[in-house]
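Accompanying notes for the structure given below.
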Amino acid sequence: MSTQYESRYASSPSEVKSMDTEALRKAFLIEKVFEADRISWVHTHYDRYLTAGAMPVKGGLVLQTINLLKAAYFLERRELGMINVGGPGMVEVDGEQFEIGFKEALYVGKGKQQVVFHSKDASQPAKFYLNSTPAHHSYPTRKVARNEAEVVTLGALETSNHRTINKLLVNSVLETCQLQMGMTELKPGSVWNTMPAHTHDRRMEVYFYFEVPEGQSVCHFMGQPQETRHIWMQNEQAVISPPWSVHSGAGTSNYTFIWGMAGENLDYGDMDHCKINELR
């Protein structure tokens with residue numbers, strides 16, 4: 001089958017506190033995001049968020065509904081966001097074509113019935129990183145190029161967290177129901193993301209790490225600020241972050257990651273900061 005899925009229950013802070021390494025990884029880590037000509041969804045009960053990768057190689061890859069949704073088509077009651085982290089690609093949405101290059105984004109609103117993913121060159125396939133959330137309203141499908149993003153630079157080389165935040169599918173750029181997506185690029189010599197750390201009880205998040213050099217890794221930190229845990233991650237892997245958890249990382253090199261959020265608040269700045277010297 002070209003489409004499959006798994007579903008993961010939400011875990012409470014008390015449950016996570018007692019998890020060993022294997023249990024932690026099984027609950028939160030998405031080890032394989034991309035597979036040729038297959039969409040493998042991971043569903044989490046945190047805000048019913050869906051995460052997957054679409055890498056068309058042999059031909060067009062169709063977005064199919066899954067039994068979990070109990071819907072006639074995938075976007076019957078959902079919205080979809082994607083960022084291409086591979087070669088040049090094209091996405092057909094109900095017959096309309098969108099050219100999506102490297103690090104460009106596309107938002108597809110509720111009610112669109114046919115979505116097909118294509119690669120321009122099978123030897124350099126497109127890699128569409130997909131996030132989907134429930135939707136109550138239909139907003140227009142729109143491509144967001146790199147130069148259309150809202151860009152913010154934070155941190156400093158002295159604190160190893162100099163980074164550029166590209167807000168691509170956020171409410172300051174276009175209208176969505178609840179899905180928000182963007183991409184953070186760390187400068188050479190910097191390794192920390194989202195530091196100082198924060199939580200936001202009004203929404204959950206998923207991180208996708210990529211551009212991690214061969215032989216290098218990223219250590220992702222999660223858990224309550226006074227009860228943190230860590231997960232070692234490799235290139236092109238994703239991790240689920242509960243709304244009660246910090247979500248921060250440090251790499252053995254600089255890297256890039258995509259963040260996706262869902263919840264009741266679309267305000268990017270809605271967060272509860274954690275002092276660095278009070279983390280445990």
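List of remarks:
- The set of residues in the stretch 68-79 being in contact (Cβ under 8 Å) with a residue 24 or more places away in the chain and surrounded by fewer than 23 Cβ atoms within 10 Å (Cβ to Cβ) consists of 68, 73, 76, 77.
- Number of residues in the stretch 224-235 that are within 19 Å of residue 35 (Cα to Cα) and open to solvent by less than 60 Å² (accessible area, probe 1.4 Å): the value is 1.
- When residues in the stretch 124-148 are screened for being open to solvent by less than 80 Å² (accessible area, probe 1.4 Å), of a type in the set (S, T, N, Q) and farther than 28 Å from residue 58 by Cβ, 2 of them pass.
- Residue tally, condition of a type in the set (A, V, I, L, M) and either under 14 Å from the mean Cα position of the chain (by Cα) or modelled with pLDDT under 95 (or both), over the stretch 129-153: 1
- Among (1) in a loop (DSSP other than H, G, I, E, B); (2) within 21 Å of residue 178 (Cβ to Cβ); (3) open to solvent by 50 Å² or more (accessible area, probe 1.4 Å) - the single one residue 111 does not satisfy: (3)
- In the stretch 114-123, the residues that are in a strand (DSSP E or B) and either open to solvent by 20 Å² or more (accessible area, probe 1.4 Å) or in contact with a Pro (Cβ under 9 Å, 6 or more places away or on another chain) (or both): 116, 117, 118, 119
- In the stretch 84-107, the count of residues that are more than 19 Å from residue 5 (Cβ to Cβ), open to solvent by 30 Å² or more (accessible area, probe 1.4 Å), assigned to a loop (DSSP other than H, G, I, E, B) and among the β-branched types (Val, Ile, Thr) is zero.
- Number of the exception - residue 238 against (1) buried (at least 24 other Cβ atoms within 10 Å of the Cβ); (2) within 20 Å of residue 201 (Cα to Cα); (3) of a type in the set (Gly, Ala, Ser): (2)
- Residue within the stretch 91-111 that is charged (D, E, K, R) and on the phi > 0 side of the Ramachandran plot present: yes
- Of all residues in the stretch 173-223 being touching a residue at least 40 places away in the same chain (Cβ under 8 Å) and acidic (Asp, Glu), the one that is farthest from residue 34 (Cα to Cα): 201
- Tally, over the stretch 5-16, of residues that are loosely packed, with under 14 Cβ neighbours inside 10 Å and either at pLDDT below 95 or β-branched (Val, Ile, Thr) (or both): 0
The values are calculated or read from the model by the stated rules, or taken from the named source; none is laboratory data. From a predicted model like this one, the values you see are computed outputs, not experimental measurements. Ideal geometry is used to build each Cβ from the backbone, glycine not excepted, and the neighbour counts take in all protein chains shown. Note: accessible area is taken over every heavy atom of the protein model, side chains too, but ligands, DNA and RNA are not part of it. Shrake-Rupley method; radii C 1.70, N 1.55, O 1.52, S 1.80 Å.
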